[in-house]
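Before any comments, here is the structure.
What follows is calculated from the coordinates using simple rules that are stated; it is not laboratory data. Just so we're clear, the structure is a prediction, and the values are computed from it rather than from any experiment. All Cβ positions, glycine included, derive from the backbone under ideal geometry; neighbour counts span all protein chains shown.
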Amino acid sequence: MSDISRRKFLQTTSASALLLFSGLGRESQAASAQSYPSRKIGNIKNLKVNEQIAFTYPDDNSPCVLVNVGQEAFGGIGKGKSVVSFSTLCTHMGCPLTYSDGRLVCKCHYSMFDVSRNGQTYQGLASQWVAQVVLRLDAATGNIYAEGVEGLIYGRIGNLKLS
Amino acid sequence: MSLTKRKDTLPIPPVDAERYTTVCQYCSVGCGYNVFVWPEKRSGTAKSNAFHVDLSKQGQLMSGFSYTETMHNVITRKNGNRYNLAIIPAKESRINKGDYSIRGGTNALTAYTPTGVTKDRLKYPLLRKENGFVAISWDDAVEIIATLTKSSMDKYGADSVAMKFYDHGSSGLGFEDNWGAGKFFLSGVKTQYLSIHNRPAYNSEVWGSRERGMHELNYDVDDARLADTIVLWGANAYEGATVFYTEHIMPNLQGGSIDEKKREFASGEPAEEGRIVIIDPRKNATTTVSQDISAERVLHLRPNLGTDWILANALARIAWENNWYDKDYLQKRTDMKTFEDYKSKSLELAKPFAAFLADAEKITGVSRKEMEEAAAWIAKPKTGGFERRTLTLYEKGIIWNMKNYDQVAAIAQLNVLTHNVGRPGTGCGRLGGHQEGYVRPGAPTPGSIYAGGPPKNVDKYITGGGGKIYWVGATDPYLSTPNSKFFKKSVKKRANNLLDYLDNGGIPSDPKAYVAKVLEAYEKTDGLFMIVQDIYKTHTSEDAMLILPAAGWGEAVDTSINCHSRLLRIYDKFMDAPGEALPDWKILALVGNKIKALYTADGNKEMAARFSGMEWKTDAEVFADGAQEFGDNRATETEEARLSAECYKGVTHAMLRKLGNEGIQTPVRQDPATGKLVGTKRRYQYSFASKDGLFKWYGTDAWTGYPAEIAKYINNPTYPFWFTTGRSQHVWQTMYHDKRIPEKLMTVPLPYLEIHPDDAGKLNLKTGDMAEVFNEEGSCLALVYVNDATKPGLVFGIMYHAKGTMNNLTSSYTDPKTTIPWYKGTKVGVKKYNGKLDDAIKTVSLLSNNDFRTQ
């Protein structure tokens, strides 16, 4: 993509995605080389349909989103199995993904991923489905914990292998 | 939790990993790729590796380096050892610049592995016996085919052998395999019953342009970034030629190529963001992506099916009335004698302008306002009087339209009238489907009905009882030929008649006895001996008598050109073919050499000579031998038009290996001054490819309605919907590889139908339901998507799918001028199917694939 396309893309990308890209993630901690960390990322009681929580996981350089999609989804937690979480780095060429209407959309090359279907690329260029964050719900408190990532985060040789 | 096996770490190639250059095996774009192979147990490090990328850092967006889960596999070589295989997009390729599509991004997954999804690759020749197929030796297979072919030719004539083979590049094919097939069938057998991959005859799909003196691949990828206006006519670039759209069209629409325009354009010439005219009955993803980028710079015209040439002539007439053409150019570069015919029949100058446009509106369904706007975007000079630069690319929506010849000719002529050929930012031709790699001895039918044609319809010949041997190579006509149900039924019946005869008393194992019994059957039955040569079993091969295992992409050295720059590159061999699979040229050479030996033993020198010249030992020898077909290519820059579009004479495999992703653009000429080989960036700047160098005009036919095969449905309430077909971005052709890749099959699990909400409401259909699509030719069960891609009254289906083909519904109509079918239009009924396929519905996405909007 040419420089101007990149600028154009930055102009059209949502503010939340850019915020993530600039390195939000106060809660993050150094990823263990051995196993995925467990990190509290939200609480199910407060998570309304289509509400998003941005966080980074397993380290500061990996923006993710937690969302209640309002319908049963693969890997979903909660009463309706509707709360899921994904990496928001497009698996095609690493651009930020925006959550909207049940899918993650990349405005660089228009790949779209269905968050109810395991992050499946249902349209666009990304040959790898987007990486899904493994969630655990603490039934007593309603706290949601990120505890792993299934699939490779874009731009990495290993999800936990950044120096 | 995952629907598929996922990885969260990838092996790293050590610095000394084997490295090869290749080009994607799929679409017309031909993205460059680099291949790395290294022993499974060895590893590079994050800092020191064959990618020469620091892998210890988070990769940045659009860096041009991508290495994802789908780009890695583990293969086993003939030495019994396992190796890592990484196939990654080439950043240094000017075609893709590190970009890739969902097709090319899965190249590594298609590699043969003995335990993975490709484990059912064909490994040995298979002969059909009483209880199914059994593996036999190449010696026996070659003897059966050679003896049977010779006997059939001797007894029933050359036309008793019919074939349906690819003629293209990529997909593990190229100039080498085309030359092999060409030598065997065109020089050796010399049958008239030849047909090209999916279609019923042996023909160009663009004789309407070629017979004007204009080959369809005349532009460069740069022209898509330089154009003031891009016209995509029946050409869904975002989904079909994806990276050409994202790397060359999209930056132009975004204004990313204005600096390039300023460098290339005349002094003072306006250079701004590009515009795009999309002519397609569907609001496809190309349209909606373009609209998301810049809605005011997108014009979408939706003509009635089959009427595009009337629309092209109307746009030309508007340009004519507004004097948006260069008279000097027309006089200097085009044939003014035939121009009179064009003026009278295509522009219909005798008919008053208003009446002409009123007729065009009525036929095409496109309003006068839309036509005038499109004509202005294509042809109206820019501020300061500078000629507009328009690149017009058409594809299956045009070539597989009703009246193939006139459709293509009308668009070619619109572009020459408005001087939109031979200048930077212009061009007129195919977007392309696959890559190309055609080099063959002369075909029996040189052209359309106006140039020695039309060619024979092999489907009609075979279904009508003609032919004794039918050899099918790298194509699956049971899915892909038009009117496929009838075709399949007829071939199956003839194949079974042969099998029944052979089975009576047992099928001999000895090749001589076997052939003798087949010859006996020929006398007693209408039996057809079908040979299928492919990399997997196909839908068609279920009725073959013999299946031959072919080598695939990366298993032999191939060469092809892409469509958007005619860029010739090497597709190097990086792994072994499974079992005893062989490259196609080698299979044909084995049989050809055997037939030659049989004729020599008979003392028949004339026939032996026809099958000589196939004694090649290597891929490089076949490539060099084919080059002789191009004749003398010493030419200056201004003489390029007389060279064949794919001429590569003088180029060798060694040279291409050195050029790597840079390649060289055909036609390659030998410069008379320097003796050096020089590529051709853009064509027809100085003259056209006719004998006198002038563009030849042609007066197109008037509108006379639909052919009988379709007319029977019009006003029949049982078949209220117009029906058109197309492709999905995810899956390539018949899904021969993709149906084995779980991610692809989950995304496109079934044939699908798109229907407008107004029509869906009346039929009580919603997204995720199943519907039966039917007409008198056949039927298909499809998954329903309700969306606004189609208009009310029009439904769209995926052309073919491993689990059902919509070509059951297409008619047997072909253009009488070219024998090219109208794949893209017929009429159907649609009804709800009440059965449920819960498993597929659970994993498929039901979101609409033409809606890219975000809140």
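Worth a mention:
- Calculated FRET efficiency for the pair B:Gln855/B:Asn715, C-beta based, R₀ 45 Å, to 0.05: 0.50
- Whole-Hz couplings from phi, Karplus 6.51/-1.76/1.60, listed for segment B:463-473; x for Gly and Pro: 5, x, x, x, x, 10, 10, 10, 9, 10, x
- Among the residues of B:848-855, the average count of other protein chain beta-carbon atoms within 10 Å of the residue beta-carbon is 6.
- Pairs beyond 24 Å (Cα-Cα), from B:Lys332/B:Lys676; B:Lys456/B:Lys488; B:Lys155/B:Lys594; B:Lys489/B:Lys824: B:Lys332/B:Lys676
- Where labels lie 7 Å past Cα in the beta-carbon direction, separation of B:Ile841 and A:Gln52 in nm: 3.0
- Between the amide H of B:Gly778 and any residue lying 5 or more places away or on another chain, no distance stays under 5 Å, with hydrogens modeled in the peptide plane.
- More than 30 Å apart - percent of Cα-Cα pairs taken over segment B:218-430: 16
- Bridgeable lysines around B:Lys842 (alpha carbons under 26 Å apart, same-chain partners fewer than 8 residues away excluded): A:Lys48, A:Lys79, A:Lys81, B:Lys5, B:Lys7, B:Lys739, B:Lys744, B:Lys762, B:Lys766, B:Lys803, B:Lys831, B:Lys832.
- Proximal lysines to B:Lys337, defined as alpha-carbon separation beneath 23 angstrom and excluding residues fewer than eight positions away on the same chain: B:Lys327, B:Lys345, B:Lys351, B:Lys691, B:Lys696, B:Lys817
- For segment B:708-843, alpha-carbon Rg over 2.2 N^0.38 Å: 1.05
- By the Cα gyration tensor, segment B:477-520 has an equivalent ellipsoid whose semi-axes, rounded to whole angstrom, run 28, 10, 7 from largest to smallest.
- Two-site FRET efficiency, B:Arg42 against B:Ser509, from Cβ-Cβ distance with R₀ of 45 Å, rounded to 0.05: 0.45
- Taken about its Cα centre, chain B carries a charge dipole of about 440 debye when Lys and Arg each add +1 at the Cβ and Asp and Glu each add -1 at the Cβ.
- Note on the protein assembly as shown: percent of Cα-Cα distances in each 20 Å bin, starting at 0 and stopping at the bin with the largest distance, equals 13, 44, 35, 8, 0.
- Segment B:268-277 - phi-based ³J(HN,Hα) in whole Hz, Karplus 6.51/-1.76/1.60, Gly and Pro as x: x, 6, x, 10, 9, 4, x, 10, 9, 10
- Cα gyration tensor, segment B:533-671 - rounded (a/c under 1.5), prolate or oblate: oblate
- Antiparallel %, DSSP beta bridges [both residues in chain B], to 5: 55
- The alpha carbons of segment B:91-191 stretch over 56, 35, 19 Å along the principal axes, in descending order.
- B:Tyr450 versus B:Lys351: modelled label distance in nm, points set 7 Å from Cα along the beta carbon direction: 1.9
- Reachable lysines from B:Lys573, criterion Cα separation under 20 angstrom, eight or more residues apart if same chain: B:Lys78, B:Lys119, B:Lys123, B:Lys586, B:Lys617, B:Lys658
- Kirkwood hydrodynamic radius (C-alpha pairs) into Stokes-Einstein, segment B:18-110, 25 °C and 0.890 mPa s, D in µm²/s: 177
- All Cα pairs of chain B, percent lying beyond 45 Å: 25
- Using θ = phi - 60° in the Karplus curve 6.51 cos²θ - 1.76 cosθ + 1.60, the 3J(HN,Hα) couplings for segment B:611-626 round to 9, 8, x, 10, 8, 5, 9, 10, 4, 4, 5, 5, 4, 5, 5, x Hz; x is entered for Gly and Pro.
- Summary of the geometry: segment B:521-570 and segment B:218-253, compared by the centres of their Cα atoms, lie 31 Å apart.
- Among the GluC sites (Glu not before Pro) in segment B:522-565, none is located in a DSSP loop while being surrounded by at most 13 other Cβ atoms within 10 Å of its own Cβ.
- Each of B:Glu637 and A:Leu137 was given a label point 7 Å from its Cα along the Cα-to-Cβ line. The distance between the two points is 7.0 nm.
- Beyond 31 Å in Cα-Cα separation lie the following of the pairs B:Lys537/B:Lys791; B:Lys91/B:Lys261; B:Lys97/B:Lys396; B:Lys129/B:Lys460: B:Lys537/B:Lys791.
- Zone of B:Glu621's modelled label, taken as backbone nitrogen in segment B:548-584 under 18 Å from a point 7 Å along Cα→Cβ: B:556-559, B:582-584
- In this structure, the amide hydrogen of B:Lys164, modeled 1.01 Å from its nitrogen in the peptide plane, lies closer than 5 angstrom to those of B:Ser195, B:Trp471, B:Val472, B:Gly473, counting only residues at least 5 positions away or on a different chain.
- Neighbour-count ranking [beta-carbon atoms within 10 angstrom, fewest first] of B:Tyr156, B:Tyr684: B:Tyr156, B:Tyr684
- Fully extending the segment from B:Ser294 to B:Asn496 would add 67.0 nm, taking 0.36 nm per residue of separation and subtracting the current Cα-Cα distance.
- For B:Lys7, the residues whose modelled amide H falls within less than 5 Å of its own, excluding neighbours fewer than 5 places apart on the same chain, are A:Gly151, A:Leu152.
- Here is the list for segment B:62-145: GluC sites (Glu not before Pro) lying in DSSP coil, each with at most 11 other C-beta atoms within 10 angstrom of its C-beta, are B:Glu130.
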